[in-house]
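The values are calculated or read from the model by the stated rules, or taken from the named source; none is laboratory data. Given the structure is predicted, the values throughout are model-derived calculations rather than measurements. In this analysis, Cβ positions are derived from the backbone assuming ideal geometry, glycine residues included, and neighbour counts consider all displayed protein chains. Just so you know, the surface numbers come from the protein's heavy atoms only, side chains and all, with ligands and any DNA or RNA stripped out. Shrake-Rupley method; radii C 1.70, N 1.55, O 1.52, S 1.80 Å.
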Amino acid sequence: VDCNITNHEDLIMPPEEFLNKHISEVLPTGIASAALVKLDQVFNDMRPQMFEYQLEINDQVKHYEARIVYSSENSALSIIRNITDRKEAVMKTRKSERIFAILKLLFLFRFAFFYQIQMYYKTKFNVDSPRGILNYCINRG
């Protein structure tokens, strides 16, 4: 078992505390279970497997992607990447898309509302333009 890492802030503990330990001793139960299922799949069909998970490290939720490939009869290679920036960018994009959709609906509602007002005044008072509507309302009083 070996560990090669560029950013130690991505680790939940120093390497000396997890090297040569079973995955269930190191990772939370749900993540360890998912990893073991993927490892079984790798050893059964020798095809690469991938899964994503998140961990809270130093009071921050970080997102990771694990890719596991068959290495030999008794070993597999696992590459773990911190994908927090990508996940946050996707969430910001989705939030922006929702805001844009709401603004679009508000604009369409505003347009439809003013169109209805314009049609009402055109039909009722023979006024064609928004300026004509305004003049009618001012002069009416």
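For the chain, the longest principal axis of the alpha carbon atoms and the long axis of helix 29-45 meet at an angle near 70°. Ignoring lysines fewer than eight residues from residue 104 along the same chain, the ones with Cα atoms less than 25 angstrom from its Cα are 92, 95. Contact order, relative form, for the stretch 1-55: 21 percent (alpha carbon pairs under 8 Å, 6 or more residues apart, mean separation divided by residue count). Dipole magnitude for the stretch 5-117: about 960 debye, using +1 per Lys or Arg Cβ and -1 per Asp or Glu Cβ, origin at the Cα centre. Straight Cα distances below 24 angstrom link residue 38 to the lysines 21, 62, 87, with same-chain residues fewer than 8 positions distant left out.
Between the residues 102, 48, 78, the greatest Cα displacement towards the positive end of the dipole of the chain, with unit charges on the Cβ of Lys, Arg, Asp and Glu, is found for 102. Computed on the stretch 48-141, the Cα convex hull volume stands at 166 Å³ per residue. Within the accessible surface of the stretch 72-141, defined with a 1.4 Å probe on protein heavy atoms only, the carbon and sulfur portion equals 61 percent. The angle between the Cα long axis of helix 84-125 and the longest principal axis of the Cα atoms of the chain comes to about 10 degrees, rounded to the nearest 10. Taking every protein chain into account, the accessible area of the chain amounts to 80 square angstrom per residue (probe 1.4 Å). How far is helix 130-140 tilted off the main Cα axis of the chain, in degrees rounded to 10, range 0 to 90? The answer is roughly 50 degrees. Computed across the stretch 1-88, the Kirkwood radius stands at 13.8 Å (inverse of mean 1/r, all Cα pairs).
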